[in-house]
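Novice: For reference, the structure I am asking about is given below.
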């Protein structure tokens with residue numbers, strides 16, 4: 001039995017990311033309802049570019065937790081013309097979508113998390129670093145390219161495992177502005193809401209009046225925390241941080 005058939009599923013990603021999810025949901029029999037709740041901004045400050053050029057040559061690993069992070073990092077590399085510095089570093093990513101972006105834009109991936117979460121990536125990478133450690137270099141140097149408003153769990157875990165981490169904020173997610181008159185959720189007739197970032201939670205509440213009950217599905221722990229901070233109930237958290245994980249959970 002297809003539990004998604006005929007269900008209206010509200011997608012709250014950035015406008016340019018909604019169509020791909022909508023197509024997959026439609027193929028599963030759901031009725032996608034698109035409501036962009038965030039936008040993504042590249043961080044192009046001179047200070048960030050200088051940090052990249054100062055640190056990249058010294059790094060053993062460059063770590064990405066999202067497709068957007070890979071795209072923003074690649075833009076930095078192109079603007080600073082420091083692509084050659086990346087040759088000596090290995091590339092680690094959090095999951096399939098991020099891996100696809102890294103293969104396409106950077107040409108390779110050296111490590112992918114087994115489960116597709118930041119926790120899994122930190123464990124897998126920490127093990128690989130320990131396994132490959134040499135007497136001359138016991139501490140691995142890791143550059144983590146992430147969103148400005150991403151939590152610090154990955155770098156904290158890798159630092160605790162003995163690595164030397166440098167965080168590079170390459171983009172930020174921004175909630176849509178608060179609407180003067182919010183749209184009632186009942187008007188959208190959504191059965192389920194998909195939330196893929198804490199910013200999307202804020203963006204949703206900035207433009208929608210939750211005047212009716214609806215099932216809320218989140219992509220991971222940080223988004224679930226944001227939902228609960230907003231005093232809403234999480235119906236379920238994705239089995240892995242992807243649309244496939246969300247769909248599996250909804251079923």
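The values are calculated or read from the model by the stated rules, or taken from the named source; none is laboratory data. Worth saying up front: this structure is predicted, and the values here are computed from it rather than measured. As a convention, Cβ positions derive from the backbone with ideal geometry for all residues, glycine included, and neighbour counts pool all protein chains shown.
Novice: Quickly run through region 30-74 and pick out the residues that are farther than 18 Å from residue 242 by Cβ, in a helix (DSSP H, G or I) and in contact (Cβ under 8 Å) with a residue 40 or more places away in the chain.
Specialist: Matches in region 30-74: 48, 51, 52, 55, 56, 58, 72, 73.
Novice: Then there is this: Out of everything in region 152-164 that is touching a residue at least 12 places away in the same chain (Cβ under 8 Å) and surrounded by fewer than 20 Cβ atoms within 10 Å (Cβ to Cβ), what residue ends up being farthest from the chain's Cα centre (by Cα)?
Specialist: If we take residues in region 152-164 being touching a residue at least 12 places away in the same chain (Cβ under 8 Å) and surrounded by fewer than 20 Cβ atoms within 10 Å (Cβ to Cβ), then 162 is farthest from the chain's Cα centre (by Cα).
Novice: Determine whether residue 129 is on the phi < 0 side of the Ramachandran plot and not in a helix (DSSP H, G or I).
Specialist: Criteria not met by residue 129.
Novice: Please state which of the following conditions residue 199 fails to meet, knowing it meets all the rest: (1) in a helix (DSSP H, G or I); (2) outside the structural domain of residue 68 (by TED's automatic domain parsing); (3) surrounded by 14 or more Cβ atoms within 10 Å (Cβ to Cβ); (4) over 20 Å from the mean Cα position of the chain (by Cα).
Specialist: Of the numbered conditions (1) in a helix (DSSP H, G or I); (2) outside the structural domain of residue 68 (by TED's automatic domain parsing); (3) surrounded by 14 or more Cβ atoms within 10 Å (Cβ to Cβ); (4) over 20 Å from the mean Cα position of the chain (by Cα), the odd one out for residue 199 is (4).
Novice: Out of region 210-223, which residues are at pLDDT below 95 and buried (at least 20 other Cβ atoms within 10 Å of the Cβ)?
Specialist: Answer for region 210-223, where residues must be at pLDDT below 95 and buried (at least 20 other Cβ atoms within 10 Å of the Cβ): 219, 220, 223.
Novice: What are the pairs, 6+ residues apart or on separate chains, where a residue within region 231-251 that is assigned by TED's automatic domain parsing to the domain that holds residue 213 and in a loop (DSSP other than H, G, I, E, B) has its Cβ under 6 Å from a residue that is surrounded by fewer than 18 Cβ atoms within 10 Å (Cβ to Cβ) and modelled with pLDDT of 95 or more?
Specialist: Hits for this filter: 235/215.
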